[in-house]
1. Is there a residue being under 24 Å from Gly73 (Cα atoms) and more than 25 Å from the chain's Cα centre (by Cα) anywhere in region 108-116?
2. Quick check on region 155-196: of everything there that is polar (S, T, N, Q) and under 21 Å from the mean Cα position of the chain (by Cα), which residue is surrounded by the most Cβ atoms within 10 Å (Cβ to Cβ)?
3. Can you give me the number of residues within region 207-218 that are surrounded by fewer than 20 Cβ atoms within 10 Å (Cβ to Cβ) and farther than 13 Å from Phe57 by Cβ?
4. For Phe142, state whether it is surrounded by fewer than 21 Cβ atoms within 10 Å (Cβ to Cβ) and over 25 Å from the mean Cα position of the chain (by Cα).
5. Select the helices (runs of 4 or more DSSP H) contained entirely in region 314-402, then report the ones holding at least 3 residues which are over 20 Å from the mean Cα position of the chain (by Cα) and surrounded by fewer than 18 Cβ atoms within 10 Å (Cβ to Cβ).
6. Going through Gln239, Gln254 one at a time, which residue ends up being within 19 Å of the chain's Cα centre (by Cα), surrounded by 18 or more Cβ atoms within 10 Å (Cβ to Cβ) and under 22 Å from Thr376 (Cβ atoms)?
7. For residues in region 259-297 being assigned to a loop (DSSP other than H, G, I, E, B) and hydrophobic (A, V, I, L, M, F, W, C), which is surrounded by the fewest Cβ atoms within 10 Å (Cβ to Cβ)?
8. How about region 300-324: which of its residues are in contact (Cβ under 8 Å) with a residue 40 or more places away in the chain and not aliphatic (A, V, I, L, M)?
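FYI, it's all coordinate maths here, none of it is from the lab. A quick note: this is a predicted structure, and the numbers were derived from the prediction, not measured. When we count neighbours, we look across all protein chains shown, and the Cβ atoms used for this are built from the backbone with ideal geometry, even at glycine.
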Amino acid sequence: MFEVMDVEILARIQFAFTAAFHYIYPPLSIGLGVLLVIMEGIWLKTKNPLWHSLAKFWTRIFALTFAVGVASGIVMEFEFGTNWATYSRYVGDIFGSALAAEGIFAFFLESSFLAVLLFGWNRVGPRMHFFSTLMVALGAHFSAVWIIVANSWQQTPAGFHIVGEGLAARAEVTDFWAMVFNPSTVDRLSHTVSGAWLAGAFLVMSVSAWYLLRARHVEFAKAALKVALTVALVAALLQLVTGHHSAVGVAREQPAKLAALEGHFQDGPAGMWLFGWVNDAEETVSGVQIPGLLSWLVRYDANAEITGLDAFAKEDRPPVNLTFQCYHLMVGCGALIVIVSVGGVWLWWRGRLFDNRGALWVLVFAVALPQIANQTGWFAAEIGRQPWIVYNLLRTSDALSRVVTAQQVLASLLLFALIYTLLFALFIYLLNRKIQLGPAAREERL
């Protein structure tokens with residue numbers, strides 16, 4: 001039993017570590033893809049060389065994030081087979097369909113036009129290059145679609161039946177589109193994509209603000225900052241709407257998760273904690289709460305009853321305090337993102353942003369907010385699903401490979417930690433080098 005527990009904990013830590021590291025980069029690629037389409041589109045319309053310079057510079061940053069994202073994502077596919085063989089057999093029909101669709105409709109589209117985007121500035125016409133930029137951005141979004149479909153199916157399974165019994169059981173698709181549009185797909189996809197737009201927009205805002213603080217590439221930075229602030233404002237407001245719809249869906253489909261997110265133990269009207277600490281043993285929460293707000297948000301009635309954790313056996317409850325803290329950190333970062341986005345646009349419209357050093361320093365460091373929100377939101381969603389790896393169907397403890405030892409998982413975890421640390425250091429070095437070189441860098445430095 002001790003050996004099995006060790007393997008489970010280590011395998012979960014390993015997958016969480018590799019997935020969290022990988023998840024730094026795809027949101028940046030998706031968000032930067034949108035900004036590249038806008039910048040290059042403005043250049044096509046205005047023929048202003050400033051926008052051409054912007055598009056070329058941020059294409060270099062996009063190329064870096066895309067490359068590291070691809071490299072860091074490959075490991076997870078092997079982990080499904082090495083550490084999670086039972087899970088892979090159970091969901092193979094589902095994941096196989098979704099990942100095959102990603103390869104055909106997303107990665108193939110993105111890869112087909114990537115070379116033109118990166119190296120075709122002087123080899124194809126402006127309209128063809130813009131079309132390539134659009135296709136790469138679309139491919140990045142399609143990739144997110146199919147990954148979210150696969151992950152959402154774990155949260156709210158639909159369109160399948162179970163074949164076989166015991167450890168030989170597996171889920172088999174009976175309705176492909178019901179599987180694709182399972183009850184949580186649309187809400188989770190819209191929330192994830194708007195979070196990716198924020199990651200890209202805040203990176204552009206951060207670099208542009210740094211240039212302004214250093215009085216470098218001033219007109220270049222002002223133009224980029226205007227576009228990034230516009231995208232950030234739209235995405236931040238979308239986050240509020242999509243986050244609300246996602247929470248309503250969780251209340252309907254995964255009541256134990258919602259109760260854990262808000263530390264709600266007993267059935268009845270539920271408030272929303274602004275911050276707090278959960279004592280799992282005593283089933284209490286200490287902190288600051290707005291009474292009735294959670295009931296009002298998910299039922300539109302402050303006195304509506306919300307299912308508490310007491311309705312579930314203790315072995316069927318997620319780790320409450322960890323889920324609670326991740327969720328509230330995400331919400332807190334989300335609130336700061338809205339404040340920064342709205343405040344930045346307001347200062348811009350008042351003509352007081354570009355010379356406001358305090359506001360510019362805020363934008364420089366705000367680049368971390370979407371990353372923290374994306375990571376903690378994913379943690380809250382995945383930890384809140386526990387103890388199920390497929391909700392109400394397959395427990396995480398039953399999904400492990402039976403032949404992998406704790407020592408093997410630990411050794412590979414330490415190796416991945418070393419490699420990913422070096423890869424992250426290389427990413428930061430190259431990113432900083434491209435920023436330092438600025439828009440005047442030659443195309444060969446791509």
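1. For region 108-116, residues under 24 Å from Gly73 (Cα atoms) and more than 25 Å from the chain's Cα centre (by Cα): present.
2. Selected residue: Ser184.
3. So the count comes out to 5.
4. In short, no.
5. Because the criterion is at least 3 residues that are over 20 Å from the mean Cα position of the chain (by Cα) and surrounded by fewer than 18 Cβ atoms within 10 Å (Cβ to Cβ), the helices (runs of 4 or more DSSP H) in region 314-402 that meet it are 320-349, 357-365.
6. It is Gln239.
7. Ala281
8. Thr307, Gly308, Asp310, Phe312, Glu315, Asp316, Arg317, Pro318, Pro319, Asn321, Thr323, Phe324 - these are the residues of region 300-324 that are in contact (Cβ under 8 Å) with a residue 40 or more places away in the chain and not aliphatic (A, V, I, L, M).
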